[in-house]
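J.: Have a look at the structure that comes next, please.
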Amino acid sequence: MYKLVAIDLDGTMLNKYGVITENTKNVIKKVQEKGVEVIIASGRPINSVKNFSKEINSQKYFISGNGAITYDIKNDKILYENILNKNKVLQVIKICEENSIYYNVYTENGIIAKNLNYNTLYYYKENLNKLEENKTHINIVESIYDYIEKRDEKILKIMICDGSKPIFNSIMKKIREITDIEILDVSHMSRKIIKQGTEEIALEYFYTEISAKDVDKWNALEKLIELMNITKEEVVTIGDNANDIKMLKNAGLGVAMGESAPYVKECANEVTTSNDNDGVAVILEKMFFG
């Protein structure tokens with residue numbers, strides 16, 4: 001019997017418009033009524049994951065920043081953290097600035113950016129349909145370097161994006177020279193959809209995520225497994241991307257989404273339908289009620 005289900009957000013629980021469908025919410029509710037803990041394990045910042053946790057009535061825990069933060073919802077506190085060292089962050093920022101590549105920084109309070117593009121543009125459009133208290137906080141500043149240097153916010157990760165693969169790859173070579181950081185290797189483009197009036201616009205870009213050394217969703221999940229006094233065989237994980245691979249490999253059951261890249265699917269025990277076809281609801285129905 002599975003006791004914990006950990007589900008990624010973007011490309012997994014959320015459809016291409018950044019929404020959890022009513023069908024998915026209803027199936028998750030039925031699973032919770034069986035006594036199974038359902039949590040979110042996402043790369044998003046704390047406030048964003050906290051808001052989506054409310055939507056699915058997940059009341060105990062969530063994982064944020066790809067595993068940089070494990071959060072206790074009930075007591076409103078961080079249980080576990082593995083955050084970036086400020087000096088490492090400033091090193092990455094310096095390289096990005098010198099090479100004019102787009103980046104943004106995920107802190108405990110939201111996302112720091114110089115302008116809206118790529119992932120921040122997607123979150124901004126997503127925010128337009130949300131109540132103020134449920135929005136992902138995006139802080140536009142003139143100098144990210146100065147902002148970070150003068151403050152002591154917890155830094156979960158840095159997102160680096162570009163539409164050109166050669167440019168992106170050349171910057172990555174320089175960033176790999178920095179020691180004691182974790183670099184997410186994503187070999188495919190991110191594809192998201194935003195609405196502009198009645199028109200749908202595709203956002204496509206190459207990206208990576210820079211975290212502290214050993215940050216991973218599975219490492220964070222292991223802390224929860226110990227806390228909940230369960231085994232990894234009693235855990236289900238559902239995801240679609242490179243940052244989900246380790247938790248797909250190590251859980252009792254790892255489920256990849258239908259639109260996942262082949263190298264992600266190869267790491268999973270099962271493959272469900274796409275996020276736009278309620279893949280999370282489909283696999284949960286099959287596992288718990290099939």
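The values are calculated or read from the model by the stated rules, or taken from the named source; none is laboratory data. Note that the structure is a prediction, hence the values are computed from the model and not measured. Positions of Cβ are generated from backbone atoms using ideal geometry, with glycine treated the same way; all protein chains shown enter the neighbour counts.
J.: Take the conditions under 25 Å from Thr272 (Cα atoms), β-branched (Val, Ile, Thr) and surrounded by 16 or more Cβ atoms within 10 Å (Cβ to Cβ) and apply them to Ile46. Does it pass?
T.: So Ile46 does not fit the description; no.
J.: Which of the residues that make up the stretch 193-224 are farther than 27 Å from Thr107 by Cβ and touching a strand residue (DSSP E or B) at 6+ places or on another chain (Cβ under 8 Å)?
T.: Those that are farther than 27 Å from Thr107 by Cβ and touching a strand residue (DSSP E or B) at 6+ places or on another chain (Cβ under 8 Å): Lys195, Glu200, Ile201, Ala202.
J.: Among the listed residues Ile238, Ile245, Ile283, which satisfies the condition of being on the phi < 0 side of the Ramachandran plot and over 18 Å from the mean Cα position of the chain (by Cα)?
T.: After ruling out the rest, the residue left standing is Ile283.
J.: Working only within the stretch 207-247, note down all residues that are over 16 Å from Tyr263 (Cβ atoms), part of a helix (DSSP H, G or I) and touching a Phe, Trp or Tyr at 6+ places or on another chain (Cβ under 7 Å).
T.: Residues satisfying the conditions are Ala220, Lys223, Leu224, Glu234.
Table: residues versus (1) farther than 20 Å from Glu209 by Cα; (2) modelled with pLDDT of 95 or more.
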residue	(1), (2)
Ile56	yes, yes
Phe62	no, yes
Asn87	no, yes
Ile112	no, yes
Asn117	no, yes
Leu128	yes, no
Thr136	no, no
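J.: Among Tyr103, Tyr123, which is the only one that is in a strand (DSSP E or B), surrounded by 16 or more Cβ atoms within 10 Å (Cβ to Cβ) and not charged (D, E, K, R)?
T.: Tyr103
J.: Residue pairs, Cβ under 6 Å, 6 or more apart or interchain, first in the stretch 263-290 and more than 24 Å from Ser187 (Cα to Cα), second of a type in the set (Ser, Thr, Tyr) and at pLDDT 95 or above. List them.
T.: Asp278/Thr21; Asp278/Thr24; Ala281/Thr24; Val282/Thr272; Val282/Thr273; Ile283/Thr272
J.: I'd like the full set of residues that are more than 21 Å from Gly65 (Cβ to Cβ) and buried (at least 19 other Cβ atoms within 10 Å of the Cβ), limited to the stretch 126-167.
T.: Asp162
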